[in-house]
């Protein structure tokens, strides 16, 4: 009965390569932000169900801690990204070919498309047919 209600299906998960400047310090900071986000959400739910002033104050403190940590995480990412690319450009300044390869990488040029079997007109036709099928 469960197979009929919830049929099994195959899901493809594509791993996206991490940015070269995203190191363990960034991972730890991201983990702290996610943990504080969950704690803030739990505190908000508790304050909503039981609006005692202590619960509301706890929710406000959790939200403030999450916001502070999220800003620090964003600043850390900005600093790491900027430092990485400045160092990379500075080290490859003498070899122009490598410098342009790094700039192309930074700009995202040179990526192979995910699929060459589909083009813009096919994709447009697909969505037109899908919308027409829904509106019937």
* **Whole-angstrom Cα spans of the range 22-110 along principal axes, big to small** => 65, 22, 16
* **Label-point separation, residue 57 to residue 8 (7 Å along Cα→Cβ), nm** => 5.5
* Asked: Just 125, 74, 35 to compare: in a GNM of the chain, with alpha carbon springs under 10 Å, which one fluctuates most?
  -> 125
* Can you list, largest first and rounded to whole Å, the semi-axes you get for the range 1-59 by taking the square root of 5 times each eigenvalue of its Cα gyration tensor? -> 34, 28, 5
* Asked: Ranked highest first by the average count of other Cβ atoms within 10 Å around their residues, in what order do 86-99, 59-72 fall?
  -> 59-72, 86-99
* Asked: Given R₀ = 22 Å, FRET efficiency for residue 101-residue 81 by Cβ-Cβ distance, to 0.05?
  -> 0.75
* 222 nm mean residue ellipticity, helices alone, for the chain (DSSP H n ≥ 4; -39,500 (n - 2.57); rounded to 500) -> -24500 deg cm²/dmol
* Label-to-label distance, nm, for residues given as residue 64 and residue 46 (7 Å Cα→Cβ offset) -> 1.7
* Taking the Cβ-Cβ separation of residue 72 and residue 94 as r and a Förster radius of 35 Å, what is the calculated FRET efficiency to the nearest 0.05? -> 0.45
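Any read-out appearing in this document is the output of simple, stated calculations on the displayed coordinates, not a laboratory observation. As the structure is a computational prediction, the values presented were derived from the model and not from experiment. Here Cβ is always computed from backbone atoms with ideal geometry, including for glycine, and neighbour counts include all displayed protein chains.
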